[in-house]
Amino acid sequence: MAGEHPLLSTEIVNRGLTTNGPDAGSPTFSVRVRRRLPDFLQSVNLKYVRLGYHYLMKHGLYVVLLPLVVVVFGAEVGNLSREDLWRKVWEGTDYDVATLVAFFSSLVFTLCVYFMSRRRPVYLIDFACYKPSDDLKVSKTEFIEQARKSGKFDEVSLEFQARILNSSGIGDETYVPKAIMAPGNCATMKEGRAEASEVMFGALDELFSRSGVRPRDVGVLVVNCSLFNPTPSLSAMIVNHYKMRGSILSFNLGGMGCSASVIALDLARDMLQANPNNYAVVVSTEAVTFNWYAGRNRSMLVPNCFFRMGCSAVLLSNRRRDFRRAKYRLEHIVRTHKGGDERSFRSVYQEEDEQRLKGLSISRDIMEVGGNAIKANITTLGPLVLPFSEQLLFLATLAFSHLFGPYIPDYKLAFEHFCVHAASKAVLDELQRNLGLTDANVEASRATLHRFGNTSSSSIWYELAYLEAKGSVRAGDRVWQLAFGSGFKCNSAVWKAMRTVRRTSAGPWIDCVDRYPAEL
């Protein structure tokens with residue numbers, strides 16, 4: 001048992017007042033002992049071994065037989081001259097018309113089945129991230145002062161928020177709606193619609209302008225916003241504003257947290273597979289105004305400190321003629337959902353406090369359950385993206401771990417660029433340490449958190465915009481977008497750059513990218 005102590009955690013549970021017996025009316029407590037999750041990197045072994053083993057078994061036959069076939073065929077053909085080979089193929093074999101027709105019919109049929117059943121490639125033509133106006137910009141000091149003037153918080157709550165902000169990794173140029181600092185209730189449908197309209201239409205206007213695609217050309221529209229879901233829906237607001245065609249396939253995803261952009265991508269990809277020759281638009285945002293919390297519960301005050309205005313709009317296509325102008329091709333999407341576990345399910349939870357004020361509660365278990373979801377996700381993703389040599393090395397060192405110690409797969413061999421959801425400085429620090437990433441690997445995430453704050457599901461697109469603004473994306477580069485949020489969910493999207501992406505005169509980073517990387 002001594003060796004298990006580091007893996008155990010204790011929790012004191014208040015059982016309430018005793019109702020009967022000699023101790024009636026006295027409070028009772030119990031100590032709950034839980035087995036804590038192992039270290040992030042040390043716990044990938046068993047599942048990864050199973051996945052790697054199945055991957056090797058699935059493809060190992062080809063690896064073994066293909067060289068053997070090549071050697072045998074080469075030995076046979078190498079002993080024949082060109083004339084002998086021609087005579088063996090044509091003169092030594094009797095062909096009739098029926099045989100030839102049957103052969104070519106089977107060949108054509110097989111090719112047709114193959115091309116019809118093959119998944120259509122999904123291309124990312126372009127994307128846009130909304131940049132609010134400068135009059136909505138607020139520093140950390142101004143944020144606290146405006147919160148004090150609003151009269152919604154006591155001094156204890158203000159001091160708590162100030163401490164969170166100072167260690168958050170957020171800079172002094174993030175954006176918040178003006179309504180949240182005004183006296184009275186700001187979490188109204190009117191203010192929520194106003195903010196949603198501003199950020200969504202701003203991002204979409206830029207997307208349509210840059211891509212040259214008309215709104216009526218879009219066949220699939222997917223909108224995700226976790227906490228603000230009016231009727232008519234946000235997707236209906238977009239269809240109405242741009243007068244999109246009546247046959248559009250429109251979807252509105254709600255309550256799916258900060259990883260919802262990858263979920264929306266997955267849905268859009270499925271729709272494009274079923275509807276050839278089409279465009280799809282994915283809009284990812286969050287409404288800060290509608291979810292502003294003005295109470296005293298500390299777990300609900302935390303989101304106030306991190307979440308900021310933001311929105312992304314992504315244009316996808318399954319048209320093969322868009323191959324030349326596309327920026328990226330979608331390679332993989334891997335989704336992990338831990339909602340079956342009660343602690344994971346309750347880790348990010350919308351509810352009312354003791355004063356019946358609505359807010360988003362963040363559990364103290366968030367780092368642990370988040371790490372659990374991320375582990376499951378990356379171990380599923382690993383066999384799809386890691387080089388074959390890296391998988392063999394991992395399996396070999398695992399088999400002889402008593403000699404060499406545990407080996408952690410190097411995901412830097414699979415990707416040139418990383419877009420990790422900019423949740424907080426503490427989360428990025430832990431992910432960098434556990435995944436063995438360099439400062440350059442998490443530069444885009446830290447810069448996004450510092451400049452724009454946590455923009456929820458759209459943050460991974462601000463990070464990709466940062467990489468493009470830096471001129472870092474070259475043809476053939478692989479990009480890993482890793483997002484996680486309520487549920488608890490962790491989702492990954494893998495892209496391959498179709499061409500070198502040049503710096504443009506547009507985008508949210510154009511006036512500030514040269515200031516990064518800063519000392520974040």
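Scanning segment 164-191 for residues that are touching a Cys at 6+ places or on another chain (Cβ under 9 Å) and of a type in the set (Gly, Ala, Ser) yields Ser168, Ala179. Among the residues here, Phe488 does not qualify as at pLDDT 95 or above and aromatic (Phe, Trp, Tyr).
Residues in segment 223-237: is at least one surrounded by 17 or more Cβ atoms within 10 Å (Cβ to Cβ) and closer than 14 Å to Leu315 by Cα? Checking segment 223-237: at least one residue is surrounded by 17 or more Cβ atoms within 10 Å (Cβ to Cβ) and closer than 14 Å to Leu315 by Cα. Taken over segment 175-194, the criterion of being open to solvent by 10 Å² or more (accessible area, probe 1.4 Å), in a helix (DSSP H, G or I) and farther than 14 Å from Ala147 by Cα is satisfied by Met189, Lys190, Glu191, Arg193, Ala194.
The set of residues in segment 150-168 being open to solvent by less than 20 Å² (accessible area, probe 1.4 Å), within 13 Å of Phe306 (Cβ to Cβ) and small (Gly, Ala, Ser) consists of Ser168 alone. Selection of segment 483-520 for residues being assigned to a helix (DSSP H, G or I) and in contact with a helix residue (DSSP H, G or I) (Cβ under 7 Å, 6 or more places away or on another chain) yields only Val513.
Restricting the first member to segment 223-239 and to residues that are touching a residue at least 24 places away in the same chain (Cβ under 8 Å), and the second to residues that are part of a loop (DSSP other than H, G, I, E, B) and surrounded by fewer than 17 Cβ atoms within 10 Å (Cβ to Cβ), the beta-carbon pairs closer than 6 Å and six or more apart or on different chains are Ser226/Gly255; Asn229/Gly254. When each of Asp172, Asp217 is tested for being under 17 Å from Leu316 (Cα atoms), in contact (Cβ under 8 Å) with a residue 12 or more places away in the chain and open to solvent by 30 Å² or more (accessible area, probe 1.4 Å), the lone residue that passes is Asp217. For segment 216-246, the set of residues classified as in a helix (DSSP H, G or I) and hydroxyl-bearing (Ser, Thr, Tyr) consists of Ser235, Tyr242, listed by residue number. The numbered conditions (1) closer than 30 Å to Tyr349 by Cβ; (2) open to solvent by 40 Å² or more (accessible area, probe 1.4 Å); (3) not in a helix (DSSP H, G or I) are all true for Pro276 except (1).
The residues of segment 416-427 that are under 16 Å from the mean Cα position of the chain (by Cα) and at pLDDT 95 or above, listed by number, are His417, Phe418, Cys419, Val420, His421. Among the numbered conditions (1) modelled with pLDDT of 90 or more; (2) of a type outside the set (Asp, Glu); (3) touching a strand residue (DSSP E or B) at 6+ places or on another chain (Cβ under 8 Å); (4) open to solvent by less than 20 Å² (accessible area, probe 1.4 Å), the only one that Tyr349 does not meet is (4). In segment 310-326, is there at least one residue being open to solvent by less than 30 Å² (accessible area, probe 1.4 Å), farther than 30 Å from Arg119 by Cβ and either touching a residue at least 12 places away in the same chain (Cβ under 8 Å) or under 22 Å from the mean Cα position of the chain (by Cα) (or both)? So far as segment 310-326 goes, yes, one or more of its residues are open to solvent by less than 30 Å² (accessible area, probe 1.4 Å), farther than 30 Å from Arg119 by Cβ and either touching a residue at least 12 places away in the same chain (Cβ under 8 Å) or under 22 Å from the mean Cα position of the chain (by Cα) (or both).
Ser389 fulfils the conditions (1) surrounded by fewer than 20 Cβ atoms within 10 Å (Cβ to Cβ); (2) in contact (Cβ under 8 Å) with a residue 24 or more places away in the chain; (3) more than 22 Å from Asp266 (Cα to Cα) except for a single criterion, (2). Out of curiosity, is Val442 farther than 15 Å from Val494 by Cβ and of a type in the set (A, V, I, L, M)? Answer is yes for this residue. Checking the stated criteria, Glu198 turns out to be among the acidic types (Asp, Glu) and under 18 Å from Gly310 (Cα atoms).
Checked against (1) modelled with pLDDT of 90 or more; (2) in contact with a Lys or Arg (Cβ under 7 Å, 6 or more places away or on another chain), Ser456 meets all criteria but (2).
Restricting to segment 467-504, count the residues that are among the small types (Gly, Ala, Ser) and open to solvent by 50 Å² or more (accessible area, probe 1.4 Å).
1
More than 30 Å from Glu352 (Cβ to Cβ), surrounded by fewer than 23 Cβ atoms within 10 Å (Cβ to Cβ) and in contact with a helix residue (DSSP H, G or I) (Cβ under 6 Å, 6 or more places away or on another chain) - does that describe any residue in segment 250-261? For segment 250-261, residues more than 30 Å from Glu352 (Cβ to Cβ), surrounded by fewer than 23 Cβ atoms within 10 Å (Cβ to Cβ) and in contact with a helix residue (DSSP H, G or I) (Cβ under 6 Å, 6 or more places away or on another chain): present.
The values are calculated or read from the model by the stated rules, or taken from the named source; none is laboratory data. Predicted model only: the values in this text are computed from it and were never measured. Here the Cβ is made from the backbone with ideal geometry for all residues, glycine too, and neighbour counts use every protein chain on show. Quick note on the areas: whole protein, heavy atoms, side chains included, nothing else; ligands and nucleic acids left out. Shrake-Rupley method; radii C 1.70, N 1.55, O 1.52, S 1.80 Å.
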